[in-house]
Each structure stands twice: as structure tokens, then as C-alpha cells.
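Novice: Take this structure, written in C-alpha cells, and hold onto it; I'll ask about it next.
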Amino acid sequence: MFKHVFLTGPPGVGKTTLVQKACEALVSSGVGVEGFYTEEVREGGRRVGFDVVTLAGERGHLSRIREGAGTSHGRREYMVGQYVVDLPSFESLALPLFRHTGAADGDSRTVFIIDEIGKMELFSQAFIRAVRQTLDGSSCTILGTIPVPKGKPLGLVEEVRSRRDVKVFTVSKENRNALLQDILSTLQECLKHSS
């Protein structure tokens with residue numbers, strides 16, 4: 001019996017777009033949606049970083065390209081490729097969202113969006129703990145995204161991938177348009193059993 005749905009696939013294949021489409025459909029069918037997604041930030045046609053955007057429309061930095069030599073003002077720098085991860089900004093926006101997920105208000109018809117559980121986000125130990133608690137909690141169905149396995153396995157990503165209560169859809173350019181219906185019907189099943 002699945003409780004959560006995760007999408008995986010190569011970067012740029014359309015995982016976030018699918019998540020956003022699923023959100024729209026869920027909201028119009030009366031399901032509550034909370035959480036966050038990650039969005040590319042472009043300047044003059046080139047990608048300069050990523051923002052984290054909550055479903056309530058708040059936005060903050062997740063990462064930016066390190067310009068020049070860059071100063072880290074003595075605090076530890078978290079790098080993914082050429083991007084410097086802004087951990088305080090990510091945590092201050094994303095972590096409070098998780099506080100609602102365990103709320104005992106009895107409304108289990110909520111889908112919690114986590115887009116994504118990726119390398120940048122996993123620098124945050126508090127984020128890892130919050131995701132684990134939400135996966136194990138009873139009140140919430142998660143719709144999330146995880147990267148495809150590449151290089152060294154990411155602990156939490158592999159944990160999610162191998163959970164029995166998680167249905168993983170692999171998104172490709174060929175199937176992404178057809179997948180939305182499958183994702184939605186799986187989520188509806190999850191919601192039915194969590195209520």
C-alpha cells in the first residue's frame with residue numbers, strides 16, 4: 001500500500017512542472033497542498049542558481065553561482081558544482097513548512113510537496129530529520145522528487161527509493177505528459193488510505 005509518491009528522472013526532464021500540474025489538479029479537487037518546489041533562476045539566458053519557492057508564494061535563495069573568488073565570511077561553504085548553497089535561507093523557508101505536517105488537526109487530505117530531496121537540500125541535517133519524520137508520520141501524503149542515482153549514493157534519497165510505502169515514477173521526455181494521470185490516481189489512493 002503506497003503512502004507517498006516520488007518522481008525521479010534526469011535534470012530538466014520536467015519533474016517540477018509535473019509536480020506543479022499535480023498541485024493544480026489536487027487543489028481543484030479539494031485537496032490541501034503545502035510544501036515547496038525548486039526553481040531555476042536565470043539571468044540573461046544563463047542559469048545563475050536555484051530558488052526555493054513555497055506553495056504560498058514565498059521565495060528564497062537555495063543556491064547561486066559563486067562569482068569570482070568569493071568570500072565566505074568565515075562560515076562553512078556548501079558547494080554543489082559551481083553553486084554555493086545558501087543553507088540559512090533554505091532552512092528558514094523550508095523547515096517551518098514541515099511543522100504543519102505533523103499537526104494533529106485530523107485533516108489527512110493534505111499532500112505535502114518536497115521538490116526536491118537533492119544534493120543541495122541534503123546539506124541540511126534538520127531538513128533530513130524533517131523529511132524522515134514526515135515519511136514516517138501518519139497524517140501526510142508526500143509528493144516529492146529525487147534525483148536519478150549518479151556517483152555516490154545519497155543516503156536519504158536511497159532510503160526514499162527503497163521504501164515499501166513509496167511509489168516512484170521515472171519521468172522521461174516520452175512519458176511525462178501521460179504520467180500526470182497516473183500520479184494523480186496514485187495520490188488519490190494514498191489519500192484514501194491515510195484518512
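The values are calculated or read from the model by the stated rules, or taken from the named source; none is laboratory data. Since the model is a prediction, treat every value here as computed from it, not as a measurement. Glycine gets a Cβ as well: all are built from the backbone with ideal geometry, and neighbour counts include every protein chain shown. Each accessible area value is taken on the protein alone, full model and side chains, heavy atoms only, with ligands, DNA and RNA left out. Shrake-Rupley method; radii C 1.70, N 1.55, O 1.52, S 1.80 Å.
Novice: (i) 16.6, 53; (ii) 18.6, 53; (iii) 20.3, 68: which one is Rg and Dmax of the Cα atoms in Å as calculated from this entry?
Specialist: The calculated read-out lines up with (i).
Novice: Okay, moving on. At 1.4 Å probe size, with every protein chain present, just tell me what the per residue accessible area of the chain comes to in Å².
Specialist: Working: 10070 Å² over 195 residues.
I get 52 Å² per residue for the chain.
Novice: Counting alpha carbon pairs within less than 8 Å and at least 6 residues apart, what relative contact order, in whole percent, applies to the range 4-193?
Specialist: Values: 305 pairs, mean separation 61.8, N = 190.
Once divided by the residue count of the range 4-193, the mean separation gives 33 percent.
Novice: Summarise the accessible area of the chain (1.4 Å probe, protein heavy atoms) by the percent that is carbon and sulfur.
Specialist: Details: 5130 of 10070 Å².
Exposed carbon and sulfur together represent 51 percent of the surface.
Novice: Roughly what would the spin-label model give for residue 165 and residue 180, points 7 Å off Cα along C-beta, in nm?
Specialist: A separation of 2.9 nm, rounded to one decimal place.
Novice: For the chain, please report how many Lys pairs fall under 15 Å Cα to Cα, leaving out neighbours fewer than 8 apart on the same chain. Can you show the working numbers first?
Specialist: Working: 3/167; 3/192; 15/167; 15/173; 119/150; 119/152.
Counting lysine pairs in the chain gives 6.
Novice: Moving on. For residue 141, enumerate residues with amide H under 5 Å from its amide H, sequence gap 5+ or separate chain, H modeled in the peptide plane.
Specialist: Amide H neighbours of residue 141, under 5 Å, 5+ apart: 110, 112.
Novice: Amide H to amide H, which residues 5 or more places from residue 48 or on other chains are under 5 Å from it, using H placed in the peptide plane?
Specialist: Correct list: 41, 42, 43.
Novice: What shape does the range 156-195 have by the C-alpha gyration tensor, where a ≥ b ≥ c are the square roots of the eigenvalues, rounded means a/c under 1.5, and otherwise prolate means a/b greater than b/c and oblate the rest?
Specialist: On the way: a/c = 3.90, a/b = 1.13, b/c = 3.46.
It is oblate, given that a/c is not under 1.5 and a/b is not larger than b/c.
Novice: Summing +1 for each Lys or Arg and -1 for each Asp or Glu, what net charge is found among the other residues whose Cβ lies under 14 Å from the Cβ of residue 183?
Specialist: Working: positive: 15, 21, 167, 176; negative: 24, 115, 182, 189.
Value of the local net charge: 0.
Novice: Once you list every other residue whose beta carbon is under 9 Å from the beta carbon of residue 40, what net charge do they have if Lys and Arg are +1 and Asp and Glu are -1? Walk me through the numbers on the way to the answer.
Specialist: Numbers: positive: 42, 47; negative: 39, 51.
Around residue 40, the charge tally is 0.
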